[in-house]
Structure formats: structure tokens, C-alpha cells
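S.K.: Please read through the structure below; I'll follow up with questions.
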Amino acid sequence: MKKIHIVSNRLPFSVKEEGEKISLEASVGGLATGMKSIYKDYGGTWIGWSGIDSNTISDSKLDNINGLLQSEKCAAVPLDTQEIELFYEGFSNKTIWPLFHYFAQYANFNKNNWEAYKAVNQKFADAALEAVEDGDSIWVHDYQLLLVPEMIKSKKPNVTVGFFLHIPFPSYEVFRILPWRKEIIQGMLGADLIGFHTYDYERHFFSCVRRLFGYEISFNQIHIEDRIIIADSFPMGIDYDKFKDCAQNVGLKAVSEKSELHQELDKYFLASPDRKLILSIDRLDYTKGIPNRLRAFARFLEKYPEFRQKVTLIMLAVPSRGQVEHYQQLKKEVDELVGQINGDYGSVNYTPIWYFYRSLPFHNLIELYSSCDVALITPVRDGMNLVAKEYVASRTNNTGVLILSEMAGVAKEMGEALIINPVDDEEMADGIHQALTMPLEEQRARISFMKERIQRYDVFKWADEFVKSLKKAETIQSDFLAKRITKELSSKLIAKYSDSKQRAIFLDYDGTLAHFKKNPQDAKPDEELHTIIKKLTSNELNTVTIISGRDRETLERWFKDHKVNLICEHGVWLKMVGGQWEMLSAVNNNWMPNVRPVMENFVDRTPGSFIEEKNYSLVWHYRKSEPEQGELRANELKDELNTHLSNHNLEIMEGNKVIEVKSGGINKGVAALQFLSNQSFDFIMAIGDDWTDEFMFRELPEESVTIKVGLKHTKAAYKVESVDAVRNLLKQM
Ligand code: GDG
């Protein structure tokens, strides 16, 4: 079986030094847990930094560490003091982190840091390239390694690369600020599959790809020259059972077995039965909204004085990135705010905020989750936020209330939480009040609903789903390559052409013979195209037909000097060489009962959209839908109609925010067949680039040479990349 390798900034082990003795300690973080099964089942190597500064450790110790890591199937990427400063603390944490979390004012754009980021990404890529073999897959993680996918792909195109971003992907308006924005997107596009926590991050990414590179995106597939890249959302889960089981054990412990913290918590409740605890846990990071949370808590105590003496906020702030200036400022601000609130509202036997600036052991975390009545999780930006899911998983009796910021990715999944705006003190203060007064029944209903989902979609499922999609991406890519016209294939087609005596050649115009132009009237034939058509039509064995959606007048004007037949308006009109325009049509409505349910399904899945029924057509309107979702669904609908309703000779028209399905068997396929019906040909070729040409590819006899321009899924037998490739092929005929 082919292997799957993992690349992440940190390895899933940290190195412990006790005097001369060195050992490894396995990480229990979400990523390490999620990857465990993947890493074991697929027997790959985990590539990453060990956390050791290679400048400050002796060579013999480093060898020792590397040996230990190797036995755990890890390959360490050594980083020295300067690399840590410029690549990690610098570009990763002072540029990408703030910018991607919408703290553009904190982002610094230092060229040296960027150069170091590139160089260190190359180091990671080189280490990965050493581990992989052709046909293997690699899963690269997070914002520190955005350039790695391309660095791997360019050297080993046969390796399937997945990339997952654990933080938000910002809107184009923010992303565009980055001087190296194009390089970053290009780096990510080296992957075959790009994963995000939410659909919003995915659509921001698509928007950046469209705006910066103009690549075509259909569904969730990005089409670049000779590759297809899939982007999708995979909301990361937690090890649900681990949290549930530990919380159950905590609940069963005898007093003597309880930790000191747990005994303190018990004492607090014993002092008065109507006492309540609110929990706040995060790394001390400016994205987590800690000062806002503190201010809102103060506002709560001010607005609802009856809760003073009764409600305590336990705030665990885990030290993080202490070398970076903005984190030092934040620490100062939080220290001051805690002091101020405790000073304002505290008394001899009441401390409003219990503040811990440290990391606690796992069992303490569970004790906090299971003891606190409310979890207050209010980041100003957060890719996902696993603490919210951990709190819910640990509520064994289903009580408790989760207050959640709408800016955290997790809010998309946990609609049953109290969702608040993290900068709105008033709303948060009222949210706290609502949480503390919420009836138990309502608490249970909300928590059990959320539990169901996080139990089902846990971290193992998340990893599995990503790997499944990675395999699908591999198949899509190889399907695409299988149909591509290579040099050898092109010679075979030319030989087939030369051996034939009666040839019918159907050529679509826009996107096939001519490049698209902003103004359609500017796409008229150039000299090269005139020469190609002249040569093709001068061969009397050839019957050449331009078959297009264009109107009669335009086609007639452009091709008046050529001996070509014209079929226009998607098959409504035909004009033979030297003849008059004639209409090809036949109308019926018997397809409508089949199409309506398909459209209704899209109405259900796309808020704001609706169906209009006309005499001979059904129209799906999506102007009022969320714009990017509407576009995405429109593409899906077209594909579904093309795939499932091919027997009906339907004409599917894409208008301005509408998809219209017309009756009547008017399409390029019917027109081409009608054209062929009175004549016999021993070589039929059709070339086209869009979905209207799919009718032609489907209707023409099986032995026809049908060629799709572009990489999209097609009924055609072959594909070519571009208009230029079409012209090159025709020139050889
Ligand atoms: C990034 C993204 C995304 C916290 N304090 C202690 C402790 N923790 C554990 C929690 C939780 C984890 O740390 C924190 O995870 P989050 O998801 O909340 O946040 P980030 O660290 O910022 O993670 C984030 C995540 O990546 C995954 O993709 O959700 O949006 O920013 O698991 O339990 N663990 C222990 N002691 C503590 O004091 N043992």
C-alpha cells in the first residue's frame, strides 16, 4: 500500500532533557491525536521540527534525539536560532498569523523574514522529498508551511499532496495586503487537495485565486493548466470519547483521590449552593479576545449586581509566543484588567476572577470543564476553537451553557450555543446573564444536540474524510490526464483523419477556436484562424461546420468568405454553404416532472432561491441567495442536469443569476445529428469547450473524435488544454 506522510511545523513529540538523559514525550494535542490513526495505518514518516534550537545543543545530543525520533518514524528538520527568529517568530507569527486573523495593523512585512520563510519551507520540502516515493501521499499542515505543497509538487508530480489550514483564510481585501500574496497562493496550489475548517475560508480562498490568477473554478475545483485542485471544508473535531471518559472518571472520584484544584472547586460550591463558575480557556493570544471578555464580565457584574459574590470567572491563559512584542503588551493589558476588576468587585471572601497564567495538566482541564456552569469562549477570530467542543464533550450530565463568539469557526457547527459578537460588551454581558439563568431543561436540549454532532464528526472522522478526499483528488487528476491528447495520440488522430474520405468537422467558436474577450464582439477571427479555416475548407473531403451559441448575423459576417456551414444559437438555425438560414426545432414539455424535483432539491439547499415555471421552460433563480453559494450551486445544478437528464434533449441555459431549462430538443447535439442524417461520413470530429458542447459529444456516433477544450469533466473522448492546442491540432490536418 502507498504511504501517507505528514508534514507539520512541530513533530508530535517534545524532547525532555534531564541532565544527560534525553527522552521523548508524546504530544496530546488535537493534531497529533487525529493523525495517529492515519500515520499508523499508512506507515508514513512524520516530518517536522523537534522544538530544539540546533545552535544551542551539542552534536552528540542532536544525534541522540534524531535517533530517538527515527525510531518513532519521525524525521526532524533542524532549525537554528536565526531560522526560529525569522521564519517562526518572524514571518509565521508576525505576518501570516495577524493578517489571517484580520489584525492587519499588527502584521509586519519584513523582507528578511520572508526570505527565511521561503528557505525554511524549502528545508521542510526537501526533508519530505527524501521520505516520499512516487505514488505516495503527503499531508502538509498549517500556516507555517504554505509554500511546501508547490515545492514538493514541482519536484515530484506523482506524489499526491494535501494541505490543511488550521487558521482562518481571510477575505481578499485583507489577503491582498500581503506583498507576497501571489507566491503564497501559488505555494498552496501545489496541493491536490486544500482543506479549511469552514466554507467561508474556502470561498475567501477561491476569491483570491480568481482575482489574483483568473483561474477557472467550477464547484470546488480549481482548473489550472494541466491540473485540477480541489478545495473543501473539513471542520476539525476532537477525540470525543477521551473527553467523555475522563469526565466520567472525574465524576466518580472519591474526595481523597481528587486533585487540589478539584477540591478547591468543590469547596467553592459548598460555601453557597447558588454559586456559579464561568470558564475561560485559551492561549494568551490577541485573537482570543481576552480583554474584551474581561470588560464584558465587568459590565455583567455592574449591570446585574445580584450576581456579585455569586459568580466567579476562572480564566486560564496559557503562555504563548512570549518573544513577540504584541503578546507582551497583551499580557500587561490582561494583568491590569484582572487586577482592576478584582479590585472593583472583590471582597474579603469573594474574588471575581481566578486567573491562572500557565498551562495545566490534562486532568485539571477536565475538572474545569466538568465543574464550570458556563464556558465563555469569545475569540475575535479563531480558525475553529477546539476548547468549545471539549467543554461540550465533558458535560456528562448534559447541563452547562456554551457562550460562543460568532467569529470562531466552531460557531458554524454549534448553532445551539449562545452566539454573541465578541466586541459587543453589552451583548456578552446579557449572554452571561441568559446563560446563568437558563432552565436546566433548555441547557440539556442544547448540549445534547451539540454533543451528537461532535461525537459523530470526531477528530478521527475528520482525518478519514480528508484522506478519502485526497484519494478522490488523485482519481480526478488521473482521469483528467487519461483523456489528454498527447503527442502520440495526436499523430494517431491525424493518421485516422488522413485515411478517411468523407469528413464532418464540427467546431465550436468561443473558447475553442478563439480566446474569450471581455467584449464578445472583440473575439472576431484573427489572421491565424482565417488561415486555418481556409486550409481546412479547401480540402474537398472536409465538410466544416461552425456550431455556436452566437447569433446568425455575427457568424455570417465573420465567415462570409469561407466555405463553412453555420449552426447558431445552440442549434436553432442552420445555414449550409451557399444556402439560406433554416430553423431546426421541435418542442415538448414531457421532461418537466423529472426536472422539477431536481430543482426543488436545490431550492431547499440554497436559501433565497426559487423556481419559476414558464410555458416551455423551468427557471431556477438565485439572485437573492448568498452570491458565492449561488454560483457554486448553479454549477452543481448544471452538472446534475447534464448528468442525470441526458435522455431528454434539454437545453440548459445559464443567464444572469438564473439557470433555465428549455424544452424542445434544441441543442448542438440534435442539430449536429440532423446535419449528419442525410450524408455519410467516415470521420466525424467535434471540438468544443463548454457544457453546450456536451450535447454534441453525447449525441454523435461513438466512433467520433470528440474533443473537449479544458480540464472539466466531459463526455468527450479526449481533452486539450487550450485554444492554442486546438489550433495546433487543426493546423496539422
Ligand atoms: C489552532 C487554531 C484551531 C489549552 N490550555 C491547556 C490545554 N489546552 C488545549 C485545549 C485545546 C488546545 O489546547 C487549544 O486549541 P484551540 O483550537 O482552542 O486553539 P489554538 O491553539 O489556537 O489552535 C484553532 C486549532 O488550531 C485546530 O485546528 O481550532 O482555531 O488557532 O485542545 O484543550 N491543554 C492542556 N493544558 C492547558 O492548560 N493540557
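S.K.: Karplus couplings for region 550-562 from phi (6.51 cos²θ - 1.76 cosθ + 1.60, θ = phi - 60°), rounded to Hz, Gly and Pro as x?
M.R.: Each residue of region 550-562 in turn: 5, 7, 4, 4, 4, 4, 5, 5, 5, 10, 5, 8, 10 Hz.
S.K.: In the structure displayed, which of Lys492/Lys715; Lys155/Lys719; Lys153/Lys657; Lys16/Lys267 lie more than 27 Å apart, Cα to Cα?
M.R.: Violating the 27 Å Cα-Cα cut-off are Lys153/Lys657; Lys16/Lys267.
S.K.: Another question, if that's okay. Once each part is reduced to its C-alpha centroid, what is the distance from region 345-369 to region 541-590 in angstrom?
M.R.: Region 345-369 and region 541-590 have Cα centres spaced 78 Å from each other.
S.K.: Round to the nearest 0.05 the FRET efficiency obtained for Asn249 and Ser71 when R0 = 25 Å and r is the Cβ-Cβ distance.
M.R.: The calculated FRET efficiency here is 0.20.
S.K.: Calculated from DSSP H runs of 4 or more alone, at -39500 (n - 2.57) each and per residue, what is the 222 nm mean residue ellipticity of the chain, nearest 500?
M.R.: -13000 deg cm²/dmol
S.K.: Divide, for the chain, the radius of gyration over alpha carbons by 2.2 N^0.38 Å, where N is the residue count.
M.R.: Computed over Cα atoms of the chain, the ratio equals 1.16.
S.K.: Taking each pair of distinct Cα atoms in region 121-208 once, what is the resulting Kirkwood hydrodynamic radius in Å?
M.R.: Final number for the Kirkwood radius of region 121-208 is 13.2 Å.
S.K.: Still on this structure: Would you be so kind as to identify which of Val723, Pro157, Ala271 lies farthest towards the positive end of the dipole of the chain, taking Lys and Arg as +1 and Asp and Glu as -1 on Cβ and the Cα centre as origin?
M.R.: Val723
S.K.: Could you give the size of the charge dipole of the chain about its Cα centre, using +1 on the Cβ of each K and R and -1 on the Cβ of each D and E, expressed in debye and rounded to the nearest 20?
M.R.: 940 debye
S.K.: On the Cα set of region 1-72, report Rg and Dmax in Å, please.
M.R.: Spelled out, the Cα radius of gyration and Dmax of region 1-72 are 13.1, 42 Å.
S.K.: Toward the positive end of the charge dipole of region 343-415, about the Cα centre and with charges on Cβ (Lys, Arg +1; Asp, Glu -1), which of Val380, Gly346, Ile403 goes farthest?
M.R.: Most positive-ward Cα: Val380.
S.K.: Can you tell me the dipole magnitude for region 525-595 around its Cα centre, using point charges on the Cβ only (Lys, Arg +1; Asp, Glu -1), in Debye to the nearest 20?
M.R.: Result for region 525-595 is approximately 140 debye, rounded to the nearest 20.
S.K.: Among 217-226, 39-48, what's the highest-first ranking by average C-beta atoms within 10 angstrom per residue?
M.R.: Ranked from most to least packed, the peptides come out as 39-48, 217-226.
S.K.: With 10 angstrom as the radius, rank Tyr215, Tyr497 by how many other C-beta atoms surround their C-beta, starting from the fewest.
M.R.: Tyr215, Tyr497
S.K.: Take Met696, Met583, Met35 and order them by how many other Cβ atoms sit within 10 Å, fewest up front.
M.R.: Sorted ascending by nearby Cβ count, the order is Met583, Met35, Met696.
S.K.: Now for a different question. Once you order the gyration tensor axes a ≥ b ≥ c over the Cα atoms, which shape class does region 4-121 get: rounded for a/c under 1.5, otherwise prolate or oblate by comparing a/b with b/c?
M.R.: Oblate shape, in that a/c is at least 1.5 and b/c is the bigger or equal ratio.
S.K.: Given Phe300, Tyr286, Leu313, which one lies farthest toward the positive end of the charge dipole of region 281-325, if we put +1 on the Cβ of every Lys and Arg and -1 on the Cβ of every Asp and Glu?
M.R.: Result: Phe300, furthest along the dipole toward the positive end.
S.K.: To continue, here is another question. Bins of 10 Å, beginning at zero and ending with the bin holding the largest distance: percent of Cα pairs per bin for region 240-456, please.
M.R.: 8, 35, 40, 16, 1
S.K.: Quick check on the chain: of the DSSP beta bridges with both residues there, what percent are antiparallel, nearest 5%?
M.R.: Expressed as a percentage, antiparallel bridges in the chain total about 35.
S.K.: At a Cα cut-off below 19 Å, give the lysines reachable from Lys21, other chains included and same-chain residues fewer than 8 away excluded.
M.R.: Straight-distance partners of Lys21: Lys61.
S.K.: Could you sort 63-69, 165-171 so that the peptide with the highest average Cβ count within 10 Å comes first and the rest follow in order?
M.R.: So the order, starting with the most tightly packed, is 165-171, 63-69.
S.K.: Using only alpha-carbon positions, what ratio does the radius of gyration of region 210-250 give when scaled by 2.2 N^0.38 Å?
M.R.: So region 210-250 has a normalised radius of gyration of 2.20.
S.K.: Skipping prolines and chain starts, which residues have an amide H placed within reach, meaning under 5 Å, of the one on Ser54, given they are 5 or more residues away or on another chain?
M.R.: So Ser54 has HN proximity to Leu79, Asp80, Thr81.
S.K.: Starting at the first residue of region 533-547, write each ³J(HN,Hα) from the Karplus equation 6.51 cos²θ - 1.76 cosθ + 1.60 with θ = phi - 60°, in whole Hz, x for Gly and Pro.
M.R.: Residue by residue, region 533-547 yields 5, 4, 5, 4, 7, 6, 7, 6, 7, 9, 10, 9, 10, 8, 10 Hz.
S.K.: Considering amide H positions built from the backbone, and no H for Pro or chain starts, which residues 5 or more places from Trp49, or on another chain, come under 5 Å of its amide H?
M.R.: When sequence neighbours closer than 5 places are left aside, the close amide H contacts are Arg10, Leu11, Val77.
S.K.: Let me ask something additional. Packing-wise, with mean Cβ within 10 Å as the measure, how do 707-716, 596-605 rank, highest first?
M.R.: 707-716, 596-605
S.K.: Which far-off residues, 5 or more places away or on another chain, put their amide H under 5 Å from the one on Phe109, with H placed in the peptide plane?
M.R.: Amide H neighbours of Phe109, under 5 Å, 5+ apart: none.
S.K.: Sticking with this one: On a straight-distance basis, which lysines could pair with Lys331 in a cross-link, Cα separation under 22 angstrom, same-chain partners fewer than 8 positions away excluded?
M.R.: Lys94, Lys288
S.K.: Something else now. I'd like the Karplus ³J(HN,Hα) series for region 103-113: coefficients 6.51, -1.76, 1.60, θ = phi - 60°, whole numbers in Hz, and an x wherever there's a Gly or Pro.
M.R.: With coefficients 6.51, -1.76 and 1.60, one gets 9, 4, 5, 8, 6, 10, 10, 9, 5, 5, 4 Hz.
S.K.: A further question follows. Along its principal axes, what span do the Cα atoms of region 352-508 show, with the longest given first and each in whole Å?
M.R.: 91, 34, 33
S.K.: How many nm is it between the label spots at Thr643 and Lys657, if each spot is 7 Å from the Cα in line with the beta carbon?
M.R.: So the label points at Thr643 and Lys657 sit 2.8 nm apart.
Read-outs: derived from the displayed coordinates by stated rules, not from any lab. The model shown is predicted, which means the values in this text are computed figures rather than measured ones. Methodologically, a virtual Cβ is constructed for each residue, glycine included, from the backbone with ideal geometry; neighbour enumeration extends over all protein chains shown.
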